[in-house]
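The values are calculated or read from the model by the stated rules, or taken from the named source; none is laboratory data. As the structure is a computational prediction, the values presented were derived from the model and not from experiment. Positions of Cβ are generated from backbone atoms using ideal geometry, with glycine treated the same way; all protein chains shown enter the neighbour counts. The accessibility values were calculated without ligands, DNA or RNA, using every heavy atom of the protein model including side chains. Shrake-Rupley method; radii C 1.70, N 1.55, O 1.52, S 1.80 Å.
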Amino acid sequence: MFDNTELSKRFTGGGPRPAALAAKVSAAWIAFATEGKPQVDGLPEWSAYDGERRATLVINDECEMVDDPNRARREAMQHAIGLA
């Protein structure tokens with residue numbers, strides 16, 4: 001995070017790919033801290049989260065908005081603890 005990929009090569013592998021991802025994450029954090037919305041160039045429109053859609057921004061080499069990306073896992077956990 002915050003463009004420290006070269007200092008953390010053991011975890012990131014170093015190089016341009018993790019650096020590009022770190023730049024996206026850092027820019028989103030800065031935008032969120034300064035403007036209240038983590039919207040920056042290079043990321044898709046970051047939808048507000050709600051309990052119906054469960055829109056989640058998956059940040060990776062290619063970033064995308066995904067609705068309820070871990071639905072099966074979430075429902076299994078809810079069932080296990082008696083919430084479903």
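Below are the figures for this structure:
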read-out	value
The stretch 28-69, residues that are loosely packed, with under 11 Cβ neighbours inside 10 Å and under 21 Å from Pro18 (Cβ atoms)	Asp41, Gly42, Asn60, Asp61, Glu62
Yes/no for Phe32 being part of a helix (DSSP H, G or I) and aromatic (Phe, Trp, Tyr)	yes
Qualifying residues in the stretch 70-84 (those that are over 26 Å from Leu57 (Cβ atoms) and either charged (D, E, K, R) or part of a helix (DSSP H, G or I) (or both)) - the one least open to solvent (accessible area, probe 1.4 Å)	Ala80
Identity of the residue in the stretch 1-27, among the basic types (Lys, Arg) and free of Cβ contacts under 8 Å to residues at least 40 places away in the same chain, that ends up surrounded by the most Cβ atoms within 10 Å (Cβ to Cβ)	Lys24
